[in-house]
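Participant: Pasting a structure below so you can have a look.
Please treat every number below as a calculation from the coordinates, not as lab data. If you're wondering where the values come from, they're calculated on a predicted model, not measured in any experiment. Every residue, glycine as well, gets a Cβ built from its backbone with ideal geometry; the counts of neighbours run over all protein chains shown.
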Amino acid sequence: MPRITLPSLSRLKDRAKRFSDDTGGTLSVETVFAAPLLFWCIMAMFVYFEAFRTQAQNTKAAYVVADILSREQSTLTTEYINSLHQTQKYMTPNGADHKLNVTQIFYRKNKDDYRRNWSVARGGAGRHSNNSVNKIPNLPPIKPGDKMIMVEATVGYKPLFNAGITNNIWLRTRAFTRSRIAADKGVGCKWKAGCR
């Protein structure tokens with residue numbers, strides 16, 4: 001009967017040392033672990049970059065609409081408000097849904113509150129009431145008797161990949177402006193345009 005000899009302890013130590021010193025094949029193992037994480041990081045950077053870009057486009061659209069309204073001398077009509085909403089859509093092509101709210105507000109010194117003169121909304125946004133205007137944080141100071149136009153542009157953002165941003169988030173920007181022509185009067189709005 002053949003005799004089976006067990007390798008000596010020193011030979012086992014030598015084999016274990018050679019195995020631990022051998023670095024062949026570690027690159028493929030590291031790639032298997034690192035590639036999914038690297039791919040997720042690249043996709044997350046893309047998703048967050050697009051979200052910030054959409055927010056920047058929405059902010060620019062709000063300022064453009066506010067600037068247009070600050071130069072207006074006549075009463076706003078339905079077509080005019082609709083064209084402002086189209087301008088917002090054109091300037092934020094990455095957005096999914098576009099909502100626009102234009103509200104003229106003034107300050108009452110005797111009551112120490114803000115009031116709306118009129119409010120008009122497009123794209124499913126709700127019009128502001130006197131109560132909702134007073135709930136808006138950080139309204140700019142207005143001289144008593146002066147009027148200010150608040151443009152609220154909201155756009156929905158749907159990320160292409162799930163990388164930490166929920167399915168649909170709303171990006172909102174508020175821009176405030178005064179009439180450049182007649183600050184005491186402000187711009188008017190026809191009831192047919194949806195102003196209330």
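Participant: Specify the residue with the greatest mean-square fluctuation among 101, 130, 58, computed from a Gaussian network of the chain linking alpha-carbon atoms under 10 Å apart.
Facilitator: With Cα springs under 10 Å in the chain, the top fluctuation among 101, 130, 58 is at 130.
Participant: In the structure shown, do any of 99/158; 60/143; 109/143 have a Cα-Cα gap over 20 Å, and if so which? Please report the intermediate quantities before stating the final value.
Facilitator: On the way: 99/158 15 Å; 60/143 26 Å; 109/143 8 Å.
From the list (99/158; 60/143; 109/143), the Cα-Cα distance tops 20 Å for 60/143.
Participant: Dipole of the range 25-193 (Lys/Arg Cβ +1, Asp/Glu Cβ -1, origin at the Cα centre): which of 133, 44, 57 lies farthest to the positive side?
Facilitator: 133
Participant: Work out the P(r) tail for the range 25-193: percent of alpha carbon pairs separated by more than 21 Å, whole number.
Facilitator: 55
Participant: Let me ask something additional. Given charges of +1 on the Cβ of Lys and Arg and -1 on the Cβ of Asp and Glu, with all other atoms neutral, how large is the dipole of the chain about its Cα centre, in debye to the nearest 20?
Facilitator: Roughly 600 debye for the chain.
Participant: Sum -39500 (n - 2.57) across every DSSP H segment of at least 4 residues in the chain, then divide by the residue count to get the 222 nm mean residue ellipticity, nearest 500.
Facilitator: Result for the chain: -13500 deg cm²/dmol, rounded to the nearest 500.
Participant: Trypsin sites (Lys or Arg not before Pro), restricted to the range 108-169: which are DSSP loop and have at most 14 other Cβ atoms within 10 Å? List each step's numbers first, then the result.
Facilitator: Values: sites: 108, 109, 111, 115, 116, 122, 127, 135, 147; in loops: 109, 111, 127, 135.
Of the trypsin sites (Lys or Arg not before Pro), the ones in loops of the range 108-169 whose Cβ has at most 14 other Cβ atoms within 10 Å are 109, 111, 135.
Participant: Another question about this same structure. Helix 9-21 against the longest principal axis of the chain: what's the angle in degrees, Cα atoms only, rounded to the nearest 10?
Facilitator: 30
Participant: Please turn the phi angles of the range 113-124 into ³J(HN,Hα) values with the Karplus equation 6.51 cos²θ - 1.76 cosθ + 1.60 (θ = phi - 60°), one per residue in order, whole Hz, x for glycine and proline.
Facilitator: These are the phi-based 3J(HN,Hα) values: 8, 9, 10, 9, 7, 7, 8, 9, 9, 9, x, x Hz.
Participant: Please report the spacing between the Cα centers of the range 84-154 and the range 24-58 in Å, no decimals.
Facilitator: 38
Participant: Taking θ as phi - 60°, what are the ³J(HN,Hα) couplings along the range 42-47 by the Karplus curve (6.51, -1.76, 1.60), each to the nearest whole Hz, with x for Gly and Pro?
Facilitator: 5, 5, 5, 4, 5, 4
Participant: Using modelled backbone amide H atoms (1.01 Å from N, in-plane), which distant-in-sequence or interchain residues come within less than 5 Å of residue 125's amide H?
Facilitator: Amide H neighbours of residue 125, under 5 Å, 5+ apart: 100.
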